Amino acid sequence: MHHSDLEIARVSSLHRRAFLGFGAAAAAAALFPFRIQAAGRARRPERVLSFFHTHTGERLKVAYCCGGEYQPDGLRAVDHILRDFRVNETRPIEPRLLDLLHELGGTLGTDQPFHVISGYRSPRTNTMLRDRGGAKTGVATHSLHMDGQAIDIRVPGVTTEQLRHAARALKMGGVGSYPDLKFVHVDVGRVRSW
């Protein structure tokens with residue numbers, strides 16, 4: 001092989017390697033958007049909540065949100081267990097309240113159900129409770145319970161102080177502590193505590 005033939009072969013080899021390299025890069029670029037789309041479509045974990053209603057004895061464990069979408073059947077089940085049992089009246093519970101409870105459960109690191117003292121309250125029940133205990137029991141004239149945006153809870157194995165502290169740390173709404181009655185109020189109103 002002459003010197004010029006060797007030079008042509010070397011340049012040809014470089015072009016071939018460059019071409020193969022560009023081809024591999026193009027193939028990777030074509031696959032990369034697919035990977036991003038596939039990751040976006042990947043199933044997000046279920047959000048599951050467990051409840052025990054202290055007045056009715058009812059229990060519920062429900063996946064209220066799956067794949068990033070609230071589940072209508074799950075939300076209806078939550079609405080039922082958190083109904084105003086005194087007058088058997090339901091109201092849609094604000095999904096943000098459920099998300100707050102889900103975050104709170106994760107923070108506490110327990111698989112115990114939330115023990116429900118009070119969920120939704122009808123205006124009639126709210127007035128009755130306010131007349132009975134007034135401000136001493138924390139019943140507001142227009143409580144967020146009446147809007148399906150508040151819940152009074154306790155968690156077995158978790159002190160009222162620990163529950164209050166964990167809820168306040170989330171900064172997702174209001175937190176009220178009632179150590180004498182051994183429950184904590186959480187809501188999705190403005191961030192505040194008492």
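The values are calculated or read from the model by the stated rules, or taken from the named source; none is laboratory data. On a predicted model such as this, the values are computed, not experimentally measured, just so you know. Here Cβ is always computed from backbone atoms with ideal geometry, including for glycine, and neighbour counts include all displayed protein chains.
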Residue list for segment 81-127, restricted to those being more than 11 Å from the chain's Cα centre (by Cα) and among the small types (Gly, Ala, Ser)
Gly109, Ser118, Gly119, Ser122
Val62 of a type outside the set (Ser, Thr, Tyr), free of Cβ contacts under 8 Å to residues at least 60 places away in the same chain and in a loop (DSSP other than H, G, I, E, B)
no
Looking at this structure, is Asp73 more than 14 Å from the chain's Cα centre (by Cα), in contact (Cβ under 8 Å) with a residue 24 or more places away in the chain and either surrounded by 18 or more Cβ atoms within 10 Å (Cβ to Cβ) or not in a loop (DSSP other than H, G, I, E, B) (or both)?
no
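Could you list, in sequence order, all residues of segment 40-54 that are out of contact with any Leu (no Cβ under 9 Å at 6 or more places or on another chain), within 19 Å of Pro95 (Cα to Cα) and either among the acidic types (Asp, Glu) or at pLDDT 95 or above (or both)?
Across segment 40-54, the qualifying residues are Glu46, Val48.
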